1. What percentage of the solvent-accessible surface of the stretch A:471-566, computed with a 1.4 Å probe over protein heavy atoms, is contributed by carbon and sulfur atoms?
2. Express in nm, to one decimal, how much length is gained between A:Asp204 and A:Asn292 on full extension, taking 0.36 nm for each residue of separation and deducting their alpha carbon distance.
3. Nearest 5 is fine: what % of DSSP beta bridges in chain A come out antiparallel, could you say?
4. Between the stretch A:448-477 and the stretch A:274-351, how many Å separate their Cα centres?
5. Let's test the formula: R0 of 60 Å, r as the Cβ-Cβ distance of A:Thr425 and A:Asp558. What FRET efficiency results, to the nearest 0.05?
6. Sticking with the crude label model, points 7 Å out along Cα→Cβ, report the distance from A:Asn248 to A:Ser467 in nm, one decimal please.
7. As a check on your grasp of the helix formula, calculate [θ] at 222 nm for chain A: sum -39500 (n - 2.57) over DSSP H runs of n ≥ 4, divide by the residue count, round to the nearest 500.
8. Given 0.36 nm per residue, what is the gain on full extension from A:Arg498 to A:Lys545 after removing their alpha carbon distance, in nm?
Amino acid sequence: MRMTRLALKTQREAPADAEAVSHQLLVRAGYIRRLASGVYSFLPLGLRVMAKLNQIVREEFDAAGAQELLLPALHPVELWEQTGRLQTMSDVLMTVEAKGGTFVLGPTHEEAVIATISPDLESYRDLPVTVYQIQTKFRDEARPRFGLMRTREFIMADAYSFDASASGMKSSYSRMYQAYLNIFDRCGLPYVPVEADSGAIGGDVNHEFMVPSPIGEDHFAQCPNCGYAANIEAAKRGEAAGKPSDANAPEMTMHSTPGSTTISEVVEALGSQGIEVDSSSLLKSLAFKDANDDVTLILVPGDREVKVPKGLAPLTDNDFESNSFLFKGYIGPMGMSDQGVRVLADYSILERSAWSAGANLVGHHVSNAVLGRDFEVDEFGSFVVVGDGDPCPNCGDALSLVRSIEAGHTFELGLSYSNKISSATFKAEDGTDQKYWMGCYGIGMSRLPAVIAEHFHDADGLRWPKSVAPYQVELLTITPARAPEAVAFTDDIYGQLRERGVEVLYDDRDLTPGVKFADADLIGVPIIAIIGQRGIANGVIEVKKRLTGERIEVSVPDIVDYLSESG
RNA sequence: CGGGAAGUAGCGCAGCUUGGUAGCGCGCAGCGUUCGGGACGCUGAGGCCGCGGGUUCAAGUCCCGCCUUCCCGACCA
């Protein structure tokens, strides 16, 4: 493509609303442009990058046995009522009122794919099948940000596997998992597959593909020793080398702490009475109820955030009334088993012998409550949001937290969707109707250019890896208006390279050299060939590798071969 | 949804305190000089100063309401 013909205008300054480097560079270099908050157009260069990424996904998904199709973006609202997600995902759903009724603008396509494909999957003989699409999704994000990173309209590659059994699902899952590894490898990105929480999607086993980044909105915990890696929402801590409880601690003592119902207030109230406590030596005792309204108490250190196990919900004011022995703000673990309350404690509770805690009496807390002497715990486990330095659940080494961007997510859904949609059945070998065992697999395609740009840039601009670059080679002529020989030469090799199928961007604009160099660096094509009268006279062409900054001279007769091989 | 900041030419910004002919840089058009790392001179085009109302002889500027955008938090496949 000749730049004199290319719809492109680079900008020297980034728009004021661009915070992230990727956002600034993609806008400045003319890859994307904002149309509304969280809504971006892909300009010709940006679309070429998307096309490269889409091709990588198609090749790897196809190789894994998946078949491409295209589902609608408009979904009849009834479909979403069936699975209950009209309510559970209402925060992000955008709807359209049309003559034919109400439609959901698909934020994900589990419902739509089942409704579409189930007529073709009537028998166990038809399974397994994996289908995928690359499609625009809509989510009414509370806060779009960082350019392409979090948008309200975005492109996702999403695949769905259908199997006749749990084991079949697992093998479909592992094929797609491998495809994911291949895809991120080919994008040149550093990434870590981590165990994840399934969130609103539901299901059991699932992995997120995380790319470490300072602008990431997620964190995962990683063990440098054994390789354990899990999203902060799913990460578990292990048991530290335990400290035995000290039964010789001073007697448990009650203190008056009126009006102190938060950790910091209690620390202050006790401190003013000369009792040395800080938030880490105060028990945070939180009461939850399960589906049967049975109460569970969870103990974590006062400076830690509790990670609530599935199936438990915080007590409401009504619940406090019906459990008259629980006083909000003054709950402690002492005597709870007598009340029929199950007491769970984080492993970290084992690391200290004497605790301060609520006294189960309004306006009072106790000090020197000792585990095994003054209170009992029914079960220890991982009940905190994991932090830097917590022991790894596998090997006990210190975990570290890594800030990261979620680039992809894979789920074993099991029967969770099939059970909610009546058409999700097939005839099994024994003649009975069975439900599909499903998996789903999503990659945030329109997010990837931003993730890659975050990783591959320098002060001068973008530095695309070859596999996703909009063009492989850029030809840049110096002062074309005064260098007819160089122009004729460049026209010639431009034609030859195109004949060989090399993707070439040709900066034939009659601008001062500085502007052209700066634009080349900004746009970030991996190989830049600089052609001037001077080089031609010396029989050499200067070639710059954008990624490394390396400059080499290639003799004129070799230049086409060189560029088509390295490009 | 809570807290903060901002909307003036395609982009980046000044002008608002103290009301009186709307400016600068980049970009854009023309002419000339330049030409291996974002050159220079001259000329020119381009504005519902976010929207609506109010105060005033007069509002980009003061007052009220609304809208939009960005940041922090909450939320979140």
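1. 51 percent
2. 29.4 nm
3. Of those bridges, close to 80 percent are antiparallel.
4. 52 Å
5. The computed FRET efficiency comes out at 0.40.
6. Placing both labels 7 Å beyond Cα along the Cβ direction yields 6.2 nm.
7. Calculated at 222 nm, the ellipticity per residue is -7000 deg cm²/dmol.
8. So the extension gain works out to 14.9 nm.
The values are calculated or read from the model by the stated rules, or taken from the named source; none is laboratory data. What you see is a predicted model, and the numbers here were worked out from it, not measured in a lab. No Cβ is skipped: glycine too gets one built from the backbone with ideal geometry, and neighbour counts run over all protein chains shown. Calculation scope for accessible area: heavy atoms of the full protein, side chains included, ligands and nucleic acids excluded. Shrake-Rupley method; radii C 1.70, N 1.55, O 1.52, S 1.80 Å.
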